[in-house]
Amino acid sequence: MRRLRQPLPLLSLFAALVLTVGACGGGSSNKKASSSSGAGSQTITIQNFKFNPDKLKVKVGDKVTVTNLDAGAPHSLRADDRSFNTGIFNKGDRPRTITLSKAGTFPYDCEVHTFMKGTITVS
């Protein structure tokens, strides 16, 4: 009888990718922001080719979860200065989370549909 081996290197690679996607933050490229006690969470939805809300105020260390509700339309949420980017994802994909690690005003767009715009203000 032949035994199947688990592809451990593939599982390790998958785990590393999952951790990297969730660790993006304002001003920190792909490094996870240091956790602050009492950090909050906010949500932005993408529907009908619009961000809702398109203007959001958060605190340093807050997490923002982005959900795509547009069937058949890939979207992303990407800072103009490239300090955060959810990557392109579709309606059936899991929501993307970014952590805002630096104070400032961050205009953003969808890299697929650049007419879609918004602003996150971090204090």
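Values quoted throughout were computed directly from the atomic coordinates according to the rules given, and no laboratory measurement underlies them. These numbers were taken from a predicted model, which means no experiment stands behind them. Every residue, glycine as well, gets a Cβ built from its backbone with ideal geometry; the counts of neighbours run over all protein chains shown.
Listing for the model above:
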read-out	value
Förster radius 30 Å - calculated FRET efficiency between residue 103 and residue 73 (Cβ-Cβ, nearest 0.05)	0.40
Additional length obtainable on full extension of the chain from residue 90 to residue 47, 0.36 nm per residue less Cα span	14.4 nm
Kirkwood Rh, angstrom, region 73-123 [1 / mean 1/r, Cα pairs]	11.4 Å
